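Shown next, in structure tokens, is the structure this report addresses.
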Amino acid sequence: MSWNRRIAAAAGSLLVLVALGAADEMKSHEAGEIRFEAPATWKTKPTKSAMRKAELEAPAAAGDKAPGELVVFVFPKGAGTVEANIDRWARMFKNADGDAPSAEVKQTKGKNVEVTRVEVAGRYVAPIFPGSPETYDEPNYRLFGAIVQTDSAGYFFKMVGPDKTMNAARAGFDAMLASMTKKD
């Protein structure tokens, strides 16, 4: 293989790895009894309440005004069924008809935990804060969610942001899910 072809092949491989998020450096985080890794480019933020055990921010994609915001909630003994929480997340969005869109749900695995992965997209209309009559009104938004249930708590990973930003964060989010470990 010629030198130019080798360089082209290596560059092509690097672009694929970057697109998949495989080239991102990861940083460890903890939320209760769950450890996880997230891309180092996601900035850690101070938590805003006792229910929030971690908050991170993925950088906004070019042209987007807002970053992707990941919040990890931990509720002792859980917080309703997995299905009820998926439904609640879906109702935070409206489709073109004004209805809650269907959530894409799949089961995946962390290192030693089962994870329910959720994805919903549309117009983001969730309350500004729980119980608030004021709501967001953001078109073309996306939510990546994950639910991990242990014997002692329910862990809810909710990441929301503009569609382009969230699609850019997809590989990092999925790598985060694959890294999840319940501490012994």
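The values are calculated or read from the model by the stated rules, or taken from the named source; none is laboratory data. Please read all numbers here as calculations on a predicted model, not as lab measurements. Virtual Cβ from ideal backbone geometry, glycine too; neighbours counted across all protein chains shown. The protein model used for the area step is the full one, side chains on, heavy atoms only, and it has no ligands, DNA or RNA in it. Shrake-Rupley method; radii C 1.70, N 1.55, O 1.52, S 1.80 Å.
Miscellaneous remarks
- Surface share of carbon and sulfur [accessible, 1.4 angstrom probe, percent] for the range 90-184: 46 percent
- Whole-number accessible area per residue in Å² for the range 77-184, which is evaluated in the context of all protein chains at 1.4 Å: 51 Å²
- Each peptide in 52-62, 99-109, 143-153, 129-139 was scored by the mean count of other Cβ atoms within 10 Å over its residues; highest first, the order is 143-153, 52-62, 99-109, 129-139.
- Partners of residue 158 within straight-line reach, counting aspartates and glutamates whose Cα lies under 16 Å from its Cα and excluding those fewer than 8 residues away in the same chain: 30, 37, 55, 57, 69, 83, 87, 104, 119, 174.
- Percentage relative contact order, the range 22-173, counting C-alpha pairs under 8 Å, at least six apart: 21 percent
- Classified by the C-alpha gyration tensor, the range 136-179 has an oblate form. Its axis ratio a/c, with a ≥ b ≥ c, is 1.5 or above, and a/b does not exceed b/c.
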